[in-house]
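Shown next, in structure tokens, is the structure this report addresses.
The values are calculated or read from the model by the stated rules, or taken from the named source; none is laboratory data. Model, not experiment: these values are computed from the prediction. Neighbour counts are summed over all protein chains in view; Cβ atoms, including those assigned to glycine, are modelled from backbone coordinates with ideal geometry. The accessibility values were calculated without ligands, DNA or RNA, using every heavy atom of the protein model including side chains. Shrake-Rupley method; radii C 1.70, N 1.55, O 1.52, S 1.80 Å.
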Amino acid sequence: MNKIMTHVVAGYPDKDQCVELMRGMERAGASMIEVQIPFSDPIADGETIMRANDIALRQGMTAEASFALITQAALAIDVYVMSYFQKVQHFGIDKFCAAAARSGAAGLIIPDLPFDAPEFEEFLECARHYKLSVIPVISPGTNLQRVRKALANADEMVYLTSIKGITGKGLRADKNLGDTAKKIKEINPNIRLAVGFGITGSKDLDNVLKLADIAVVGSAVIKKINQSGIKAALEFVERLASN
Amino acid sequence: MSESGFFGANKYGGRYVPEMLQGELASLAKAYDQLKNDLAFQAELEQLHTNYNSRPTPLVLAKNLSESIGGAQIYLKNEGLNHTGAHKINHCLGQALVAKKMGKKRLIAETGAGQHGLATATVAAKFGLECTVYMGEIDVARQQPNVILMELLGAKVVPITHGSKTLKDAVSGAIRDWLQNSDDTHYVIGSCLGPDPYPRMNRDFQAIIGREIRQQLGKNPDCIIACVGGGSNALGAFTAFLNQHAVKLIGVEAGGKSPANGQHAARFPDAKIGIMEGYKSYFLQDEDGNSALTHSVAAGLDYIGIGPELAELHDSGRVEFVRASDKESLKAVELLAKTEGIIPALESAHAVAEAVKRAKIMKSEDAIVVNVSGRGDKDIFTLARHFSPKDFKAFLQRELASYDI
């Protein structure tokens, strides 16, 4: 079994189908799911996920409603809430952490809140208070000093990501990725490393899992939903997970 | 990050971006911090301002306008006489020079109405740099003339076909390009906003406006008025006077059609503190913290946020914020055109509208300086639709008929 973390945008394609999708992903063998709170200005996301955010928002999806969907899905596998910090601070840092914990989430991924931001300490304290793990997001370009500092705040998992996709080039071509993965394991051998690099199929997945504990499959699933619907997307997840 | 990336006790600004971008911003900040104290760099920039751009821009006493109102003397800082027609070239030249010193080969930018894209394409051509401009598909359609000009200048204009197909999608397109190509590419941000060091770097490049005002007037004015979208022309005019507390500083926001939600782009008093596009400031938001809809007749003021330094200057009370409506601004364009022979940009006309209101209640020995940040040529379509729609429609139909392709 491959360890994969799948991704959904809360409320996409709509509320019911999103719950169906989360449950289906669990059945299909996903080890964990990243649930993104939809936001109007998701600066680090590409076209596919941006569009999914817009569609969810147009249907009135809020942060509160996103947590309700996670509760409703009632999954046995771990759910990580991914959100841009604007949604967190607007909701209230403490309130956001409390709501995430109540929904049953295991941890939080906030890509645009660097560890040296003024609000980071408060965020970390709140997350710890509600027993949520904090997942730092780093990239192959991150210098060693920042990698160390980011890892110092990691509880159990770190997320390594880049938009420089591997497709077409092969993973080995990106020496930086391999080097960063190695560095992370040297600094903390016990940490679980999740890698998201625009994985589109089994070959990419195999390459990623040579370096990482967990492969993140994000926009590829949304593309499948857009092209062929939820059922086909879930079959795709199953193929990747059981490969 | 150095403390200099934050403004005030609320710590506006910062670098709220994914780790992927932190390295790039740190390198840019380091390069800029060295260059800003480098006399050779400053001399080179000054040369460009006098020999390529046309600085200093004139400070004109608007005698007819002042007399017709009766009250304070109104001076116009005519930034519309900059190359490309607005103050934007000031920070584009500065950033292009920084990029060149950093060994970058390529400039990228996002643009809404096309003015910032045009200024970036212009400096790219001047410096022999490649240029790619990201623009929402809807804006490409609305601003076709600017697309033609950018392409003429050698830039590649990439339409963004997803999302709202407007400015925010163009921002995202530019950021993704930067992430993939940062080794040889500099991202030119078009106002005093975005993650550090952009707000302070662009402010420094624009501050020449205020320094010239002081020199040209030979004394401190009683009041300086500037329109505020992101805040680049306002900070440009204000910065030299921030510590001169007798000088009143007034920022004019886009009052739009009405004070109702979605009908204007004035951040005060509606906006809440938030974190968007990589920085902390005031943003117009919906109930769940998403960016709100905005409107202004002036594309350059039609923006949800305000630069972080102006957020702090709002809180401290150093800058007073008021608004002018679409209607008042259109009227101000006509007034300045007829009294002084200067057609201001619709953005700048917001500042003119406020000056007219304020001059009336001030003494005749008082001096108001209005930063006329740009000229109105670019607004021909909006002005025509408002002032002579029938004639312009007939003109467009004749033009269309003359195309046999």
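Take every Cα pair under 8 Å whose residues are at least 6 apart in sequence, average their separation, divide by the length of chain B, and the relative contact order is 20 percent.
Distance between the pseudo-spin-label points of A:Asn190 and A:Glu122 (7 Å out from Cα toward the beta carbon): 3.1 nm. When chains A and B come together, the accessible area they lose, probed at 1.4 Å and totalled over both chains, is close to 3100 Å². Under 18 Å from a label point set 7 Å out along the Cα-to-Cβ vector of A:Arg148, the amide N atoms of the range A:105-125 belong to A:115-116.
Under the classification rounded if a/c is under 1.5, otherwise prolate if a/b is larger than b/c and oblate if not, where does chain B fall, given a ≥ b ≥ c as square roots of the Cα gyration tensor eigenvalues? Please list the in-between numbers first.
Values: a/c = 1.35, a/b = 1.12, b/c = 1.20.
Since a/c stays below 1.5, the shape of chain B is classed as rounded.
Counting charges near A:Asp112 (Lys, Arg +1; Asp, Glu -1) among other residues having Cβ under 13 Å from its Cβ returns a value of -3.
Note down the magnitude of the dipole of the range A:4-242 about its Cα centre, charges +1 on Lys and Arg C-beta and -1 on Asp and Glu C-beta and zero elsewhere, to the nearest 20 debye. Before the final figure, lay out the partial values.
Details: 27 positive and 28 negative charges, 144 e Å.
Value, rounded to 20: 700 debye.
Rounded to the nearest 20, the size of the Cβ-charge dipole of the protein assembly as shown about its Cα centre is 660 debye, with Lys and Arg at +1 and Asp and Glu at -1. Using θ = phi - 60° in the Karplus curve 6.51 cos²θ - 1.76 cosθ + 1.60, the 3J(HN,Hα) couplings for the range B:284-296 round to 6, 10, 7, 5, 10, x, 8, 5, 8, 7, 10, 8, 7 Hz; x is entered for Gly and Pro.
Take each residue of peptide A:45-53, count the partner chain Cβ atoms within 10 Å of its Cβ, and average: the result is 3.
For the range B:148-302, the gyration tensor built on C-alpha atoms gives an oblate shape. Its axis ratio a/c (a ≥ b ≥ c) is at least 1.5, and a/b is not larger than b/c.
Partner chain Cβ atoms within 10 Å, averaged over the residues of B:105-116 - can you pull that number for me?
Details: counts 0, 0, 0, 0, 0, 0, 0, 0, 0, 0, 0, 0.
Counting other chains' Cβ atoms within 10 Å and averaging over B:105-116 gives 0.
Relative contact order for the range A:4-242: 20 percent, from Cα pairs under 8 Å spaced at least 6 residues apart, divided by residue count. How much of the calculated P(r) for the protein assembly as shown lies past 48 Å, in percent of all Cα pairs? In whole percent, the long-distance tail amounts to 17. Comparing B:Met276, B:Cys223, B:Ser316 along the charge dipole axis of the range B:206-318, the residue lying farthest to the positive side is B:Cys223, per the Cβ-charge model.
What do you reckon, how do B:Arg203, A:Arg239, B:Arg15 stack up by accessible area (1.4 Å probe), largest on top?
Details: B:Arg203 50, A:Arg239 135, B:Arg15 25 Å².
The residues order as A:Arg239, B:Arg203, B:Arg15, largest area first.
Report which residues of the range A:114-146 become buried by 30 Å² or more of accessible surface when going from the isolated chain to the complete set of protein chains (1.4 Å probe; DNA, RNA and ligands ignored). Checking the loss per residue gives A:Pro114, A:Asp116, A:Pro118, A:Glu119, A:Ser139, A:Arg146.
The alpha carbon gyration tensor of the range B:77-169 gives principal lengths a ≥ b ≥ c with a/c of 1.5 or higher and a/b no greater than b/c, which makes the shape oblate. Residues in the protein assembly as shown average 39 Å² of solvent-accessible surface per residue, probe 1.4 Å, ligands and nucleic acids excluded. Sort out for me the Cα centre separation of the range A:111-149 from the range B:277-339, rounded to whole Å. Rounded to whole Å, the Cα centres lie 33 Å apart. When each of the peptides B:263-272, A:135-144 is scored by how many other beta carbons lie within 10 Å of its residues on average, the order from highest to lowest is A:135-144, B:263-272.
Since only A:Ala76, A:Val8, A:Ser219 are under comparison, the one whose Cα sits farthest along the positive direction of the charge dipole of the range A:4-242, derived from C-beta charges on Lys, Arg, Asp and Glu, is A:Ser219. Within straight-line reach of A:Lys231, meaning a Cα separation under 12 Å, sit the following aspartates and glutamates at least 8 residues removed in sequence or on another chain: A:Glu20. For A:Ser133, the residues whose amide H sits under 5 Å from its own are A:Gly107, A:Leu108, ignoring neighbours fewer than 5 places away on the same chain, with H placed 1.01 Å from N. Couplings 3J(HN,Hα) of the range B:238-253, computed from phi: 7, 3, 5, 10, 4, 8, 9, 5, 6, 8, 6, 10, 10, x, 10, 9 Hz, in residue order, whole Hz [Karplus 6.51 cos²θ - 1.76 cosθ + 1.60, θ = phi - 60°; x for Gly and Pro]. Close amide-amide hydrogen proximity is noted between B:Met362 and B:Ala72, each under 5 Å apart and 5 or more residues distant or on a separate chain (H modeled in the peptide plane; Pro and chain starts excluded). At a Cα cut-off below 27 Å, give the lysines reachable from A:Lys175, other chains included and same-chain residues fewer than 8 away excluded. Filter leaves A:Lys3, A:Lys149, A:Lys164, A:Lys183, A:Lys185, A:Lys203, A:Lys210, B:Lys30, B:Lys104, B:Lys105. Counting, for every residue in B:167-177, the Cβ atoms of other protein chains within 10 Å of its Cβ and taking the mean gives 3. Near B:Gly255, once Lys and Arg are set to +1 and Asp and Glu to -1 for all other residues with Cβ below 11 Å from its Cβ, the sum equals -1.
For the range B:263-279, backbone phi angles converted through the Karplus equation (6.51, -1.76, 1.60; θ = phi - 60°) give residue-by-residue couplings of 9, 8, 9, 7, 6, 9, x, 6, 5, 10, 5, x, 10, 9, 6, x, 9 Hz, Gly and Pro being listed as x.
For chain A, modelled as a GNM whose springs connect Cα atoms under 10 angstrom apart, the maximal fluctuation among A:Phe120, A:Phe85, A:Phe96 occurs at A:Phe120.
Specify which residue in the list A:Ala154, A:Ser139, A:Ala106 is farthest towards the positive end of the charge dipole of the range A:4-242, using unit charges on the beta carbon of Lys, Arg (+1) and Asp, Glu (-1), about the Cα centre. Positive-most Cα among the choices belongs to A:Ser139. Compute the signed sum of charges (Lys and Arg +1, Asp and Glu -1) over the other residues within less than 12 Å, Cβ to Cβ, of A:Ala194. Here the charged neighbours net out to -2.
Heavy atoms only, probe 1.4 Å: what % of the accessible area of the protein assembly as shown goes to carbon and sulfur, would you let me know? Provide the component values of the computation, followed by the final result.
Details: 12980 of 25540 Å².
Carbon and sulfur together cover 51 percent of it.
With q set to 0.10 Å⁻¹, the log10 of I(q)/I(0) for chain A, from the Debye formula over equal scatterers at the Cα positions, is -0.43.
Under 5 Å from the amide H of A:Gly46 lies no amide H of any residue 5 or more positions distant or on a separate chain, with H modelled from the backbone and absent for Pro and chain starts.
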